[in-house]
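The values are calculated or read from the model by the stated rules, or taken from the named source; none is laboratory data. Quick caveat: nothing in here was measured; it's all calculated off a predicted structure. Reconstructed Cβ throughout: ideal geometry from the backbone, glycine too, with neighbour counts over all protein chains shown. In case anyone asks, the SASA skips ligands and DNA or RNA and just uses the protein heavy atoms, side chains included. Shrake-Rupley method; radii C 1.70, N 1.55, O 1.52, S 1.80 Å.
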Amino acid sequence: LDALSRGDAGLWEMLIPAALAIVGFNAVHGFFTYIRGRWAAQASEGIVRQLRHRLFSHLERLPCQYHDQADTGDLVQRCSSDVETVRVFLAAQIVEIARVSLFLIIAIPIMLWHDLRMTLLSLSLVPLIVFFAVMFFRKVRSLFKQVDEAEGRLTTVLQENLTGIRVVRAFGRQEFEVDKFLQRNGEFRDLEFRLFVALSNYWALSDLLVFGQIGISLIGGGYLVMQGQLSFGTWILFWWLLRTIIWPVRHFGRVLADTGKAMVAIGRIQDVLNVQQESEEESPSEPVRGEIVLKDVSFSYHGGRPALDNLSLTIHEGETVALLGPPGAGKSTLVNLLVRLYDYRQGSIGIGGRELASINRDAVRSAFGMVLQDPFLYSRTVRDNLVIGH
């Protein structure tokens, strides 16, 4: 300070380049932080876009048997919330893992090169911090799975009620449905609370370990400096390096937690992608037409009682046929088999002399005009809904 007050030119010549270097370093740091964020966002958004497209395309090609048993709300959850979890992990935590690894690779050799004893003091609790982070990861991974599944059940109740709101109102079931939603909502809240408690416990204990590590480094380094076994400059260097790596290491638990959450989300998405699609067949060159012949056809849904039992029937080309019978007699089942929404396992169905199971599904369905038993209207114009087949 005295040299500065006297206007020492040599000191000013040292300080000005140092100040400019600090400004330049921070400018470069800011630029590369921007580049890192931009590239991470581009990469994560591109990957997630492909994942979302692949998941939706896969769902469009899954057999009706799968959709009969799957919860629509849970599938919505997997296509939206789980995909978003993967996006956040790719955008933030992948970069964080690389940053922590880079800090450790650079800092630890520098520490070892300067002083082995001080290195051991400065990193004595780091293995314990990492071990605790790994144990925490193993615990919260199952919690994340439970929370995701509970949110899926909650979404299912919401989706079903919005879709069937007229049925609920017509039968005066509002209070019943509200109570059901309240139960699912409470279940989701309780699991979320358990997750937040686990996160709070981790942050509290990890902070205690981090500050303990800083204290060990300060006290041990100060003792070595007073004993003349360590220079003050080296002590400051270790203090700076420790602060550089200890907080990223502490944050490693958060990275592992988000990794667990992302792995749960990826697993739920992969469960859907692992379901086998409808088999792909080559398109036939000739049109699908001619008489329909059924011989001893039997069929049951998901292993239940037979909806059709040894049915034999012949419908000639140009003939008009009406199927009559009580609910459950198999009328809709027969139509579902003819358009290959389901595939029969027993008996034979022929169209124009060809076995139905060998004809391309798209070709079969394009040959039939259908008014479905369960009406569905898209959120589009009346015209769009009328010509949906073309």
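In table form, for the structure just shown:
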{"read-out": "Most to least packed among 136-147, 371-382 [average Cβ atoms within 10 Å]", "value": "136-147, 371-382"}
{"read-out": "Estimated distance in nm for a label pair at GLU84 and LEU372, the labels positioned 7 Å out from Cα along Cα-to-Cβ", "value": "2.7"}
{"read-out": "Spatially proximal lysines relative to LYS145 (Cα-Cα < 20 Å; intrachain offsets below 8 disregarded)", "value": "LYS261"}
{"read-out": "Under Karplus coefficients 6.51, -1.76 and 1.60, residue-wise ³J(HN,Hα) of region 171-180 in Hz, glycine/proline x", "value": "9, x, 9, 4, 5, 4, 5, 5, 5, 5"}
{"read-out": "Protein accessible area in region 273-390, 1.4 Å probe - carbon and sulfur %", "value": "52"}
{"read-out": "At q = 0.23 Å⁻¹, base-10 log of I(q)/I(0) for region 209-262 (Debye sum, equal scatterers on each alpha carbon)", "value": "-0.83"}
{"read-out": "Highest-first arrangement of 357-365, 39-47, where packing means the average Cβ count within 10 Å", "value": "357-365, 39-47"}
{"read-out": "Modelled FRET efficiency - R0 51 Å, PHE181 with TYR223, Cβ distances, 0.05 increments", "value": "0.25"}
{"read-out": "Heavy-atom surface of region 175-273, accessible at 1.4 Å and reported per residue (Å²)", "value": "53"}
{"read-out": "Cα shape, region 57-143, gyration tensor, a/c 1.5 rule", "value": "prolate"}
{"read-out": "Label zone at ASN360, where the point sits 7 Å out along the Cα-to-Cβ direction: region 290-317 residues whose backbone N lies under 20 Å", "value": "290"}
{"read-out": "Long-range Cα-Cα pairs in region 115-232 (distance over 26 Å), rounded percent", "value": "52"}
{"read-out": "Inter-label distance, nm, simple model (7 Å from Cα along the C-beta direction), ALA27/LEU116", "value": "4.5"}
{"read-out": "Those aspartates and glutamates that a straight Cα-Cα span of less than 13 Å connects to LYS139, excepting residues fewer than 8 apart in one chain", "value": "ASP258"}
{"read-out": "Sulfur and carbon atoms: percent of accessible area, region 106-173 [1.4 Å]", "value": "68"}
{"read-out": "Length-normalised contact order for the chain - Cα pairs under 8 Å, 6+ apart - percent", "value": "19"}
{"read-out": "Coordinate range along principal axes, alpha carbons of region 247-390, Å, largest first", "value": "79, 40, 38"}
{"read-out": "Relative contact order for region 120-264, counting Cα pairs under 8 Å that sit 6 or more residues apart, in percent", "value": "50"}
{"read-out": "Virtual spin-label span in nm between GLN69 and HIS302, 7 Å along Cα→Cβ", "value": "0.7"}
{"read-out": "Protection proxy ranking of 239-248, 307-316 - average other beta-carbon atoms within 10 Å, highest first", "value": "239-248, 307-316"}
{"read-out": "Helix-only [θ]222 nm of the chain, DSSP H runs n ≥ 4, -39500 (n - 2.57) each, per residue, nearest 500", "value": "-23000 deg cm²/dmol"}
{"read-out": "Option label - P(r) over Cα pairs in 10 Å bins from 0, in percent computed here, alternatives (1) 4, 14, 18, 18, 14, 11, 8, 6, 4, 2, 1, 0; (2) 4, 13, 13, 15, 17, 17, 13, 6, 1, 0; (3) 5, 22, 30, 25, 13, 4, 0", "value": "(1)"}
{"read-out": "Relative contact order (percent, whole number), region 236-322, Cα cutoff 8 Å, 6+ residue spacing", "value": "18"}
{"read-out": "Amide H contacts of GLN346 (H built 1.01 Å from N, under 5 Å, at least 5 apart or other chain)", "value": "SER298"}
